[in-house]
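Engineer: My questions will all concern the structure given below.
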Amino acid sequence: MAFLALTITTAVMADVGPVGRSTSLNADGTSTDVLEKWFINVKNTSGGSISAGAPVILDETELDGFSVNTSSTAGKTVHCVVAVACADDALCKCQTYGVASVTYDATGDDAVAGAPAFIGETSGGTAYGVTTPDALDRPFGIFLEAKSTSGSVSTFLKMR
């Protein structure tokens, strides 16, 4: 009679979930030189394409929790920053955490390294610097560089 021996092994794998875990450090505590970034999928319902780097808000006319647009009114909270250009009615990759290149509009105050980044109160899809925030200004990250002209600015996103 043939005897078959089975060996059962257990592979131990680290959970790479969002709470208390990082992909920025190796097991020995040294840096992986890879900054942690988190992304979600969203649906563009803005009526037009959205450029990469645009901060977007939830579309409150849709009750699905993942439709976004760039219209902005005072007091709205940024949901995420579009990671790659996104066509209207398409599903898009949107960043919620980590370093990102964000579209900046210099008509507000200058972006100051270390200062909060805000979404515009009247025009969406861009970040603004605000020297004296009021109750309707909602920060969504921290500027990592100073900027006084419109364009892209390196920003650390904190929208978990």
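Engineer: Quick one: A106 ticks every box in (1) assigned to a strand (DSSP E or B); (2) out of contact with any Gly (no Cβ under 6 Å at 6 or more places or on another chain); (3) of a type outside the set (F, W, Y); (4) under 18 Å from L144 (Cα atoms) bar one, so which box is it?
Structural biologist: Every listed condition holds for A106 apart from (1).
Engineer: Okay, moving on. Determine whether region 127-149 contains at least one residue that is surrounded by 13 or more Cβ atoms within 10 Å (Cβ to Cβ), of a type in the set (A, V, I, L, M, F, W, C), at pLDDT 90 or above and over 15 Å from the mean Cα position of the chain (by Cα).
Structural biologist: yes
Engineer: Quick one: what pairs do we get from region 110-130, first residue within 11 Å of E145 (Cβ to Cβ) and free of Cβ contacts under 8 Å to residues at least 60 places away in the same chain, second surrounded by 17 or more Cβ atoms within 10 Å (Cβ to Cβ) and charged (D, E, K, R), C-beta under 6 Å, 6+ apart or different chains?
Structural biologist: Cβ pairs passing all conditions: A111/K147.
Engineer: What's the number of the only condition in (1) surrounded by 17 or more Cβ atoms within 10 Å (Cβ to Cβ); (2) at pLDDT 85 or above that D88 fails to meet?
Structural biologist: With respect to (1) surrounded by 17 or more Cβ atoms within 10 Å (Cβ to Cβ); (2) at pLDDT 85 or above, D88 is out only on (1).
Engineer: Same structure, new question: Would you mention how many residues in region 51-85 are assigned to a strand (DSSP E or B) and surrounded by fewer than 23 Cβ atoms within 10 Å (Cβ to Cβ)?
Structural biologist: Adding up the residues that qualify gives 4.
Engineer: A further question follows. Between S101, S46, which is assigned to a strand (DSSP E or B), hydroxyl-bearing (S, T, Y) and either more than 24 Å from A117 (Cα to Cα) or at pLDDT 75 or above (or both)?
Structural biologist: S101
Engineer: So which residues in region 91-108 are in contact with a Phe, Trp or Tyr (Cβ under 9 Å, 6 or more places away or on another chain) and either exposed (fewer than 15 other Cβ atoms within 10 Å of the Cβ) or closer than 23 Å to F39 by Cα (or both), if there are any at all?
Structural biologist: Listed by number, the residues that qualify are L91, K93, C94, Q95, T96, Y97, G98, V99, A100, V102, Y104, T107.
The values are calculated or read from the model by the stated rules, or taken from the named source; none is laboratory data. Please read these numbers as outputs of a predicted model, since none were measured by experiment. Virtual Cβ from ideal backbone geometry, glycine too; neighbours counted across all protein chains shown.
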